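None of the figures in this text is laboratory data; all of them are computed from the coordinates on show. Here the structure is a predicted model, which means the values were calculated and not measured. Virtual Cβ from ideal backbone geometry, glycine too; neighbours counted across all protein chains shown.
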There are 2 protein chains.
Amino acid sequence: MEKNIDKVNLAEKFGQFSDHWNPRIVGELNGQQVKIAKFLGPFEWHHHEHEDEFFLVIKGEFEMHLRDKVVTLKPGECMVVPRGVEHRPVASQEAEVLMFEPASTVNTGNLQGSERTRKDLERL
Amino acid sequence: MEKNIDKVNLAEKFGQFSDHWNPRIVGELNGQQVKIAKFLGPFEWHHHEHEDEFFLVIKGEFEMHLRDKVVTLKPGECMVVPRGVEHRPVASQEAEVLMFEPASTVNTGNLQGSERTRKDLERL
């Protein structure tokens, strides 16, 4: 079992893709997943009915728009967006972001029919 | 509700304490906690019966000793230690580490009576 236990170098994983708003899975634990994605431009307003989401900026920066304020996240900064809270990430420059959320979480939340919806995520 | 949603600057939180092997909680989501701790020196061999643990190095580096190998983790590198797997973190220099794990996780796992066991963790 321990054979498969190894580290993940995030920079190396980010180097394996270049598209935006398309999360990859880099770890799984306790029914949760560790995902990474590149953000660029505005995403869509959405919320998650049953899942809280954690975001940590690894490189670059982005703004998390909430209905009543905007939180700017830079490298080494993180936040939790609780379930039910409408949010919209906006990146004026490319941002590399690590996310931690339940395996059931779909990136566009309540907007499952969006052209940006991603399911069956790639594992890096 | 959204009033309490804000970012966490990890460097600022790490600046608020100086002791080692004493995790602080910096976020909670989906029954899981985001914790940060400073590692220095060898910790104890232990395992967690029911919890997988995620470690991400923010600063410094440490070795995760497993029974059959040693994994060295540097900034931007992370790993999951699955439940049941014996492990022992060892930091020859101070490391600042972010962890994701279930709220039920006790730092010393099966060694609940260790002098290093920490419960009722501080929230930063």
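Summarising the label geometry, the points placed 7 Å from Cα in the beta-carbon direction at B:Val90 and A:Asp68 lie 5.1 nm from one another. Between A:Asn110 and A:Phe17, the FRET efficiency estimated from the beta carbon spacing at R0 = 35 angstrom works out to 0.85. Please give the FRET efficiency for B:Arg118 paired with A:His50, using the beta carbon to beta carbon distance and R0 = 25 Å, rounded to the nearest 0.05. Efficiency, from the Cβ-Cβ distance: 0.25. For A:Asp52, the residues 5 or more places off, or on other chains, whose built amide H falls under 5 Å of its own are A:Arg83, B:Asn30. Close amide H partners of B:Lys59, meaning residues 5 or more places away or on another chain with modelled amide H under 5 Å apart, are B:Glu96. Label-point spacing at B:Pro42 relative to the other copies reads 5.7 nm, in ascending order, each point sitting 7 Å out from Cα along Cα→Cβ. Its Kirkwood hydrodynamic radius, worked out from the mean inverse distance over all distinct Cα pairs, puts the protein assembly as shown at 18.4 Å. Among B:Leu56, A:Leu98, sorting on how many other beta-carbon atoms sit within 10 Å of each Cβ, with the fewest leading, yields A:Leu98, B:Leu56. Among B:Trp21, A:Trp45, sorting on how many other beta-carbon atoms sit within 10 Å of each Cβ, with the fewest leading, yields A:Trp45, B:Trp21.
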